[in-house]
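The values are calculated or read from the model by the stated rules, or taken from the named source; none is laboratory data. Predicted model, so just to flag it, every value in this text is computed and none were measured. Cβ placement follows ideal geometry from the backbone for every residue including glycine, while neighbour counts extend to all protein chains displayed. The area values use the complete protein model at the heavy-atom level, side chains included, leaving out ligands, DNA and RNA. Shrake-Rupley method; radii C 1.70, N 1.55, O 1.52, S 1.80 Å.
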Amino acid sequence: MSIEIKESLSLFDQAYSIHQQIPEFQNQSSTYNELLERINKAKHPLVLVAYADNQPVGYLMGYERCQGSFYIWLVGVLPNHRRHGILDRLVKQTEQWANKADLSSLNVKTRNRFKSMLLFLISHDFKLIDIDKRQSVDDHRLILEKQLSLL
């Protein structure tokens, strides 16, 4: 399987199409227009789409949130394409992009219930920096950060 990552804000529609197929996001209430408006208003937005054999199978969207910090806002890989290194490639390309933009860290928020994402992040040098507690422990938002090395 050949994997290609493309970067362009014009790929938002493909990213959104993948987003709608990610089981973990099925209960999300944000509409297409709300997500599009957020990415278009963001400072230094990034949209990546991963293709396996020319088919869109994963995406990552984010933006500069605070001075020097890039927020990985939405990211996902279709279930039948997981465990093939696609998420790893998306995050590595994001790191390279953030380094070129002179950003010092990557931030991401996940939920306690998404164990495989949490394990991925920890294994890729993201560190837990805060918890946004919710009514259910499974819904606690875990905020992680990865310091980027200066080139």
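Filter the range 124-151 for residues that are under 17 Å from E24 (Cβ atoms), open to solvent by 40 Å² or more (accessible area, probe 1.4 Å) and assigned to a loop (DSSP other than H, G, I, E, B) and give the result.
Listed by number, the residues that qualify are R134, S136.
Within the range 112-123, can you find the residues that are among the hydrophobic types (A, V, I, L, M, F, W, C) and assigned to a loop (DSSP other than H, G, I, E, B)?
The one that is among the hydrophobic types (A, V, I, L, M, F, W, C) and assigned to a loop (DSSP other than H, G, I, E, B): F114.
Does Y63 meet the test of being modelled with pLDDT under 90 and within 16 Å of H19 (Cβ to Cβ)?
no
Of all residues in the range 49-74, how many are of a type in the set (A, V, I, L, M, F, W, C) and open to solvent by 20 Å² or more (accessible area, probe 1.4 Å)?
2
Cβ-Cβ distance below 7 Å, separation of 6 or more or different chains: which pairs start in the range 21-41 with a residue that is farther than 22 Å from P79 by Cβ and open to solvent by less than 100 Å² (accessible area, probe 1.4 Å) and end on one that is aromatic (F, W, Y) and in a helix (DSSP H, G or I)?
Final answer for the pair search is L36/F12; I39/F12.
Quick check: is even one residue across the range 85-103 loosely packed, with under 15 Cβ neighbours inside 10 Å, within 17 Å of C66 (Cβ to Cβ) and touching a Leu at 6+ places or on another chain (Cβ under 7 Å)?
no
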